[in-house]
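The values are calculated or read from the model by the stated rules, or taken from the named source; none is laboratory data. Remember, it's a predicted structure, so these values are computed and weren't measured experimentally. All Cβ positions, glycine included, derive from the backbone under ideal geometry; neighbour counts span all protein chains shown. Protein only, heavy atoms only, side chains kept; ligands, DNA and RNA dropped before computing areas. Shrake-Rupley method; radii C 1.70, N 1.55, O 1.52, S 1.80 Å.
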Amino acid sequence: MLRRWIAVASVLWVALGAGLVWGQARTGAIYGTVTDPDGNPLPGVTVELTSSVTARQTAVTDVDGSYRFPSLPPGTDYTLRFTLQGFQPVVRSDINVLVGVNTKVDVTLRPGAAEEVVVRGAVPVVDVKSTKIAANLSRDVLQELPTARDPWVMLELAPGVMVDRQNVGGSESGQQSNYFARGSGFGDNQWNLDGVNITDPAAIGASPTYYDFDAFEEMQITAGSNDVEALTGGVILNFVTRRAGNKFVGGGRFYWTTHELGSDNTKCIEESGGQCVRYATKSGDELWIPRSRGNKTWDVKDFGVNVGGPIVKDRLWFWGSYGGSRIDLLVPTNPISPVPDFLKDIYDPEQVAAHDKTQLNNVAAKLNAQFGRHALEGFFFWGDKTKQGRGLGPTRPPETTWDQSGPTPIIKLQDEFFASDNLFLSLKGAFIGLGFKLEPKGGRQTFAWQDAARVWHGTYLYYQTDRPTWQFTGQAIYYRSEFLGGSHEIKIGAEFRRADVTSESGFGTGETYLQRPTRANPNRYFAILGTPSFSDYWKDRISGYLQDTYTVGRLVLNLGVRVDAQRQGFNDTARPVTHPKLQQDLGLTEVRITGGQRLFTWTTVSPRIGATVDLLGTGKTLLKGSFAIYPSEQDVDAGYYMSNTAREAIYIFTDVNGNHRADPDEPLIGPLAFCNQLLAFPCDQENPARSLFAVDPKVKSPKTMEFTVGFEHQLLTDLGIGLTGYYRRLWDFPWPYPYLPVLEEGDIYGCWEPIPDAVVPPEFMKFGDPRAYTCEGVPKEFLYTNRPDYENTYWGVELRFTKRMSQRWMLMGSVTLQDWNRKFKTFRANYDPTNFEQLKESDMAYQTAGSGKTEIWPNSRWMVKLGGVVQLPLDINLGATLVAREGYPIPIVYRFDTTAFGVCNEFDCGDKDVLTNEFGKDRLPTFWMLNARLEKMFKLADYGRLYISVDGFNITNNDTILGKRRFVNLDGFGKVTEIVAPRVFRVGVRYEY
């Protein structure tokens, strides 16, 4: 029904606030045409540009009266002066330049020699040249809205973007969010810092570092109609750091959020011995963890300084900053008594919770120089994160959390210049030195075990990785007037990116124990003996693109094509087998993998086509449309698995003495199977040294086809509104497909049989016919190939509006309606039959993983987002944000052990979760949250400005449920595992000069 409504509504299409340009944008542009009073173009007009953030520049209009200033840093004080002998000079001042936006400034010169005419502001809020859909967040917006001051929080405000966590004044700070938009997966997201693609090459879609929020001059978030510089169709983030001009600038800040200025959104529902032993939300929903009171922002400090100015006026400028954060979050956990010494620094017995502590330190420095036609830029960034308590949650108590360490340096050099009046060139090179380490709090010499409720104890696995990345980019823009009836802006570019990735993880003792009781043996355990998981692989990408922005009359065509070749390979790896029992059963003392080969290449040709029509010839009412096919960033599954040294063996034993590990008098029975348990992947049961993971050399890149059409209108000088219609289809997803080389393709599906009612009682099933794989012969290979007969579709319509700061107020907002679905065309689309019926034509959502979140499925069919600032008398500013959305799906399942069904092999062994309803039918409650900010500015004469602020987060102290126990046949079903953090206030002081 919703899809039909969206299809009908899409005839109203509008695409607001678009900004052309570059997928790795760090600048904007000013362009326009100069005419006489009769509308005739005026060639030879001198156009002089000045601003506090760049050197003075000069352009001369072409034969068609056009001029242009590309690659301008974002700023709000640009001034243009137009002069031509015999005509009255005109000055246009207070021009805004936004990242990735073409600002059109047309001017009429009148004959005469009178004094110059000065016009302030009055630049359009729509972009005639582009169909790209973007939200530009200027420095004023970043500073004045009440947010937790990191990029992931700003994503919560971006139109169409769904984030997997809700940050209440810092309750989720110091860790990354997963986020999705327009049907794209997380791996299609890209991060760009000052024009450099810094996206993590292994955890694709993730940021390689954390940031000093005050270092940003502007953020641009795009989620549709990306131009040829963007590789993928996901969310593209462009961050531009500040830079200095001919005036010295600087400042500092200190913000403090504390639980002492917070509230509680839970209540006690049972006391014992004078203490509360059970809590519920304010609304009465019981919390799962005993004595738990939900997540809280305990203590967050955010501080920093920055300074910049001229070294040589009009020639050389510097800017630098330092930013630090000390984040202490309180996360509920099971009671611990007595508290061991190594946990006393993070466990709080009074709160029955543990402290998740993060320290962020960021240094940034920029040097800009102007020599003749050349604009040079050098940029250095150092982001360091240390953390205690990473991964803390209901199934990861304090001793199983990680201590994280590892800095990320980023270095960039760039040169931009006009080789001629019509040819602009840009060259840059960059290095991103990503690497970090995760050490379990319990240490590497402690044994790890998991109880029957799947809660870990003792310790956890360690992890360490290095991912150095190099990037080189060249681009040329050629301007040609009066050719083929119009003007042309031809962009051509090439890029090379290379990453070398090594990673190692494992349980330090090489032994792990899983409590899996049965009625017959309540003390039954699985013992898993294993080797470290070490991998060493590389990936690179060679890209080229060509685009012509062709303007003829009221029509602008963006005709582009992009070609990418993404390659991947792996190197030699080796790790010893240290456990004597594992040596005996594997028949190995070392696992050695021979590499040195390229696995496959994804070669894609990606068209990018857009059109804009100025319906009334005023530049204020635009009809837009676009079409594109995007590839995806190459994942690293193939290189990781092909070079991986992990090998495991699984055994059964009875834990007689209750110490959760196998002692000499508790013999191991087995091995039952090799590999495919905790760290490893399928290996040959007859020859465990042989991996069963293979790569199809013909595997192709996933693809996203996109159509957008819209209508955009500028209502007032600083107000634009619109409505955007989207359609996307996604297919060719890669996956590791299990198959039997000796069987005909498809025979695997003949082994699907109904699960007996005795195993999954029918009264729990609302929808579907659960089945299990029962063949005695099991797949002997896993082939990395494209998923057959499977696709996702996305329909959406979105109202957007933006009011720039003027007349003492600004506002931005969006309303999104969308329908994101998956479709299994045949049985071949899903080799696991358990939930085929429940998933085959259901809502689509990716389960998030990482940074403490494991059971979130972001998919809201409607969202509303608002943010605004009002400047009151006495230099008082009032800001607010409101976010509301439909609750995310929560898949309710019946869990059973496949051994009870007589199935236990390397294809299908252990726990199996049967969906009791069609995916997406069961959802969490509607989420909404209001934040507010009150700020007073003090002008210090010639010494700058001082701001004192108070921010309130979750002002109404909502207790919205964000997670529940979802296993209908296990203890605690329906109890609350997470609620939104309670109301908290932040006080701050900021100084600028």
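Name the one entry in ALA574, ALA628 that is crowded, with 19+ Cβ neighbours inside 10 Å and outside the structural domain of GLY233 (by the TED database).
It is ALA628.
Here's the yes/no breakdown for (1) free of Cβ contacts under 8 Å to residues at least 40 places away in the same chain; (2) outside the structural domain of GLY195 (by the TED database); (3) among the polar types (S, T, N, Q):
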position	(1), (2), (3)
ASN306	no, yes, yes
VAL312	yes, yes, no
GLN351	no, yes, yes
THR358	no, yes, yes
ASN361	yes, yes, yes
PHE371	no, yes, no
GLN388	no, yes, yes
THR395	no, yes, yes
GLU399	no, yes, no
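When you check ALA453 against the structure, is it hydrophobic (A, V, I, L, M, F, W, C), touching a Gly at 6+ places or on another chain (Cβ under 9 Å) and outside any strand (DSSP E or B), yes or no?
yes
A quick yes/no check of all residues on (1) under 26 Å from LEU962 (Cα atoms); (2) in contact with a Lys or Arg (Cβ under 6 Å, 6 or more places away or on another chain); (3) buried (at least 19 other Cβ atoms within 10 Å of the Cβ); (4) in contact (Cβ under 8 Å) with a residue 40 or more places away in the chain:
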| position | (1), (2), (3), (4) |
| --- | --- |
| PHE782 | no, no, yes, yes |
| ASP789 | no, yes, no, yes |
| TRP795 | yes, yes, yes, yes |
| ARG804 | no, no, yes, yes |
| THR816 | yes, no, yes, yes |
| PHE827 | no, no, no, yes |
| PHE836 | no, no, yes, yes |
| THR854 | yes, no, no, yes |
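Would you confirm, using the coordinates I've provided, whether LYS344 is at pLDDT 90 or above and over 20 Å from GLY262 (Cβ atoms)?
When the stated conditions are applied, LYS344 does not pass them.
Out of GLY324, GLY233, GLY262, GLY294, report the one residue that is on the phi > 0 side of the Ramachandran plot and not assigned by the TED database to the domain that holds GLY75.
GLY294
What residue, of ARG390, ARG467, is of a type in the set (D, E, K, R), open to solvent by less than 20 Å² (accessible area, probe 1.4 Å) and under 26 Å from the mean Cα position of the chain (by Cα)?
ARG467
Quick test for you: out of THR604, THR589, THR612, THR618, pick the one residue that is open to solvent by less than 10 Å² (accessible area, probe 1.4 Å) and either over 30 Å from LEU678 (Cα atoms) or not basic (Lys, Arg) (or both).
Checking each option against the conditions leaves just THR612.
Where the second residue is open to solvent by 20 Å² or more (accessible area, probe 1.4 Å) and of a type outside the set (A, V, I, L, M, F, W, C) and the first is at pLDDT 55 or above and assigned to a helix (DSSP H, G or I) and lies in the stretch 746-761, which pairs have Cβ atoms under 9 Å and are six or more apart or on separate chains?
CYS751/THR774; CYS751/GLU776; CYS751/GLY777
Looking at this structure, is PHE600 among the aromatic types (Phe, Trp, Tyr) and either within 29 Å of the chain's Cα centre (by Cα) or not in a strand (DSSP E or B) (or both)?
In short, yes.
Going through the stretch 502-550 one residue at a time, which ones are buried (at least 20 other Cβ atoms within 10 Å of the Cβ) and over 30 Å from ASN644 (Cα atoms)?
Those that are buried (at least 20 other Cβ atoms within 10 Å of the Cβ) and over 30 Å from ASN644 (Cα atoms): TYR545, GLN547, THR549, TYR550.
Name the pairs whose Cβ atoms lie under 9 Å apart, with the first residue in the stretch 473-486 and on the phi > 0 side of the Ramachandran plot, the second acidic (Asp, Glu), and 6 or more positions between them or separate chains?
Filtered contacts from the stretch 473-486: GLU482/ASP62; GLU482/ASP64.
Counting only residues that are among the aliphatic types (A, V, I, L, M), surrounded by 23 or more Cβ atoms within 10 Å (Cβ to Cβ) and assigned to a loop (DSSP other than H, G, I, E, B), how many does the stretch 297-351 have?
1
What residue, among those in the stretch 121-174 that are acidic (Asp, Glu), part of a helix (DSSP H, G or I) and modelled with pLDDT of 90 or more, is farthest from ASP548 (Cα to Cα)?
GLU144
State the number of residues belonging to the stretch 720-729 that are farther than 15 Å from TYR794 by Cβ and either over 29 Å from the mean Cα position of the chain (by Cα) or among the β-branched types (Val, Ile, Thr) (or both).
Adding up the residues that qualify gives 1.
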